[in-house]
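First up is the structure itself, then whatever we jot down about it.
Any read-out appearing in this document is the output of simple, stated calculations on the displayed coordinates, not a laboratory observation. Since the structure is predicted, the reported quantities are computational estimates derived from the model, not experimental observations. No Cβ is skipped: glycine too gets one built from the backbone with ideal geometry, and neighbour counts run over all protein chains shown.
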């Protein structure tokens, strides 16, 4: 396991151990664990990502800390939009969709106001940072263990509260 995967796994483990919350530099940050199917491999990947609650739906941001390309989890969701999230102690099946510009704008602007890190990432890249809405499908499952064999994947979770996550050298 690489140092980045080990570090990422520690966040995932803390999230699960504490009912969906983490401490330290990420205390108070709205995090979820995104389970996606690899676009190329077809293998399940798990990424801790920052989200915005849209009143029953969840927005996630493919900022990748302002890198010129989108994160792998974004490509996974575009290729395979059916996914799951762990949010708090619930596991929820979701369908992902990339927002259109008119829907994206107010969500993105509010995220930048609330978490300065996102505004900073926008200045570092020429690409439009995608906003992906995760729409629940079916009923949540409470207290379900993660699927056997699920692998965590490296992801740059975004936002001011997660600046260190983005600065990890191997991520």
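Values for this structure:
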item: Separation of alpha-carbon centers, the stretch 23-58 and the stretch 61-79, rounded to whole Å; result: 12 Å
item: Residue 109 versus residue 69: modelled label distance in nm, points set 7 Å from Cα along the beta carbon direction; result: 3.3 nm
item: Amide N proximity, the stretch 24-47 versus residue 95 label position 7 Å along Cα-to-Cβ, cut-off under 19 Å; result: 35-37
item: Over 20 Å [Cα-Cα, the stretch 1-152], rounded percent; result: 48 percent
item: Sorted peptide list for 128-138, 44-54, criterion being average Cβ within 10 angstrom, highest first; result: 44-54, 128-138
item: Difference of contour (0.36 nm per residue) and Cα-Cα distance, residue 119 to residue 14; result: 35.1 nm
